């Protein structure tokens, strides 16, 4: 029988494939909330649409609106380690995209 210390030191490593599943819908979110939990972070994504007010006194009606309800479109629980990696990857991607957009705007 194998020694306990030998079996506990085994580490599995494999490349991860990231297929796109057509059954998982992509949804638009223009608002988000992050909640810290003992297990990690709960990321909640929302879509908030501005109210549509038409007709007479539209400005007055619009001014009377105090809240707009958001629609929760997704919730994802991520571990603390994964949240840190996600934040770093997101920041890097945003910076790369901004640089590319600036270069395109400058005609480079």
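Any read-out appearing in this document is the output of simple, stated calculations on the displayed coordinates, not a laboratory observation. Owing to the predicted nature of the structure, the values given are computational and were not obtained by experimental measurement. Using ideal geometry, Cβ is built from the backbone for each residue, glycine included, and neighbour counts are taken over all protein chains shown.
Remarks
- Here the translational diffusion coefficient of the chain follows from Stokes-Einstein with Rh set to the Kirkwood radius across Cα pairs; for 20 °C and 1.002 mPa s it amounts to 111 µm²/s.
- If the chain linking residue 72 and residue 28 were pulled fully straight, counting 0.36 nm for each residue of separation and taking away their Cα-Cα distance, it would gain 14.8 nm.
- Ranking of 47, 20, 93 by count of other Cβ atoms within 10 Å, fewest first: 20, 93, 47
- Helix axis angle, 80-105 relative to the chain longest principal axis, alpha carbon, degrees: 60 degrees
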